[in-house]
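The values are calculated or read from the model by the stated rules, or taken from the named source; none is laboratory data. Keep in mind that what you see is a predicted model, and the values were worked out from it rather than measured. Here Cβ is always computed from backbone atoms with ideal geometry, including for glycine, and neighbour counts include all displayed protein chains. Accessible surface is based on the protein model in full, side chains and every heavy atom, while ligands, DNA and RNA are left aside. Shrake-Rupley method; radii C 1.70, N 1.55, O 1.52, S 1.80 Å.
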Amino acid sequence: MRNIGLYILSPVLSFIAGIFSYMLILKWVWNETLGGDLAAILFYGGIIFLTICFPIYLGVIHLIDKWFHQYKGLLYPLGCMLVFFIPTLFLNLLFGSFDLLSPESMLFHSFFLTAGFIFGVCHWCLKHTFI
């Protein structure tokens, strides 16, 4: 049950939270909705999340487990959040841009910051309650 939570539930919840964050920032800052772009955001965001974010998040958590013995409840989310620019860079390069400060990049920053936070919190909660 713990492995299902760590490797299936945690990534799914963090991806969903990232999508909601993307939509909220889009609505609050630019007063726009996704409309017909939802499928593209889910597709490209999902591919980048599964191929880039998920392995990086697992690596960050592994390094935190290896190097630190305290404050993991704080370090898991922070560590996963601090790599937010890597998947955004891959998405930008996919569409021919290198600008990490563009408005579109800021939306993806919110997506991956939120996803990293939720991923780290879920991992800490699942490891803390089952160990």
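Filter region 66-80 down to the residues that are at pLDDT 95 or above and open to solvent by less than 50 Å² (accessible area, probe 1.4 Å), then identify the one that is farthest from the chain's Cα centre (by Cα).
Filtering first and then ranking leaves LEU75.
PHE85 passes all but one of (1) closer than 12 Å to GLY116 by Cα; (2) crowded, with 19+ Cβ neighbours inside 10 Å; (3) modelled with pLDDT under 95; which number fails?
All conditions pass for PHE85, except number (2).
If LEU6 meets every condition in (1) under 14 Å from PHE84 (Cα atoms); (2) open to solvent by less than 40 Å² (accessible area, probe 1.4 Å) apart from one, which number is that one?
For LEU6, the exception is condition (1).
If the requirement is being polar (S, T, N, Q) and either surrounded by fewer than 15 Cβ atoms within 10 Å (Cβ to Cβ) or on the phi > 0 side of the Ramachandran plot (or both), which of these qualifies: SER97, SER105, SER110?
Unique residue meeting the criteria: SER97.
I need a count of the residues in region 32-55 that are under 21 Å from CYS125 (Cα atoms) and surrounded by fewer than 18 Cβ atoms within 10 Å (Cβ to Cβ).
The qualifying residues number 1.
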